[in-house]
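Report on the following structure.
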Amino acid sequence: MKKFQIGIMGSAADLNYSKEALACAKKLGQLIAQSGHILVYGAEKAYSSLSTNAAIAASKNGGITVGITYGKDKNIYGDFCPTVLIPCGLEIGGGREYTLILTCDIIIAIGGGSGTLTEMAIAYQANIPIITINKYPGWAKKLSNKYIDKRHRLKCLGVNTPEEALNLALKILQERSDKNENSKC
């Protein structure tokens, strides 16, 4: 079975996300681990995030996690270490986000501020599918079931639960994989 690289993007702790959004992120991380796929996220240096909590939950459930951090060192917030930590040498606010998003086969966004918006825009430009959990305030909810611009490259597909998000992600990825049977990666 091919292991898909599923990116989780979402609000940083300084946006004061809800306990419900936190529970959603943790459940999503757990489900990705149980599905046998890889969780990719932006490993932060100064604070926690929904993405970090999803990665922690994935790790606790035996999953593989890949953290992309900015700068040149491996110092990240908290005591959690992903399976693979990649300091990309780029800064936050555009540089790191390119490496993060291009590492993903698909992204799932929860809530989100300007960083999540940047990540969604990069995914859109790169034709990487975007799923939004549309229950929590932020860019994921604002862009749920909408195109980012008039080019109509791909729609941000909105769902309500982590289970729906993962099921839709796997369906999209399998369809794309079937179309590209000759691709090794």
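Quick notes
- Unmet requirement for S177, which otherwise passes all of (1) surrounded by 15 or more Cβ atoms within 10 Å (Cβ to Cβ); (2) more than 22 Å from E97 (Cα to Cα); (3) small (G, A, S): (1)
- Within segment 104-125, residues that are more than 16 Å from Y17 (Cα to Cα) sit with their Cβ atoms under 7 Å from residues that are of a type in the set (V, I, T) and in a loop (DSSP other than H, G, I, E, B), at 6+ positions apart or across chains, in these pairs: C104/I128; I106/I128; I107/I128; M120/I148; A121/I148; Y124/I148.
- Pairs with Cβ under 6 Å, 6+ apart, first in segment 29-46 and closer than 13 Å to G10 by Cα, second outside any strand (DSSP E or B) and of a type in the set (F, W, Y): E44/Y77
- The residues in segment 15-30 that are surrounded by 17 or more Cβ atoms within 10 Å (Cβ to Cβ) and more than 16 Å from T132 (Cα to Cα) can be counted, and the count is 2.
- I131 satisfies every condition listed in (1) touching a Ser or Thr at 6+ places or on another chain (Cβ under 6 Å); (2) farther than 14 Å from E44 by Cβ; (3) part of a strand (DSSP E or B) except (1).
- When A12, A33, A58 are checked against the criterion of being crowded, with 24+ Cβ neighbours inside 10 Å, of a type outside the set (D, E) and under 15 Å from the mean Cα position of the chain (by Cα), A58 stands alone in meeting it.
- Residue in segment 71-84 that is under 11 Å from I8 (Cα atoms) and touching a residue at least 12 places away in the same chain (Cβ under 8 Å) present: no
- Selection over segment 1-46 of residues that are in a loop (DSSP other than H, G, I, E, B) and not hydrophobic (A, V, I, L, M, F, W, C) gives a count of 10.
- Entry remark, segment 100-114: residues being surrounded by fewer than 18 Cβ atoms within 10 Å (Cβ to Cβ) and part of a helix (DSSP H, G or I) number 2 in total.
- Which numbered condition Y124 fails, given (1) outside any strand (DSSP E or B); (2) within 17 Å of I38 (Cα to Cα): (2)
- Options K171, K146: the member that is basic (K, R) and more than 18 Å from I32 (Cα to Cα): K146
- The residues of segment 74-92 that are closer than 20 Å to I108 by Cβ and assigned to a loop (DSSP other than H, G, I, E, B), listed by number, are F80, P82, T83.
- Taken over segment 134-153, the criterion of being touching a strand residue (DSSP E or B) at 6+ places or on another chain (Cβ under 8 Å), assigned to a loop (DSSP other than H, G, I, E, B) and without any contact (Cβ under 8 Å) to a residue 40 or more places away in the chain is satisfied by N134, L143, S144, N145, I148, R153.
- Residue in segment 115-126 that is of a type in the set (V, I, T), crowded, with 21+ Cβ neighbours inside 10 Å and touching a strand residue (DSSP E or B) at 6+ places or on another chain (Cβ under 7 Å) present: yes
- Filtering segment 61-73 to residues that are in a strand (DSSP E or B) and surrounded by fewer than 20 Cβ atoms within 10 Å (Cβ to Cβ) leaves only I64.
Bear in mind that the values in this text are calculations on the coordinates, not laboratory data. Not measured: the values here are computed from a predicted model. Note that each Cβ is placed from the backbone with ideal geometry, even for glycine, and that neighbours are counted across all protein chains shown.
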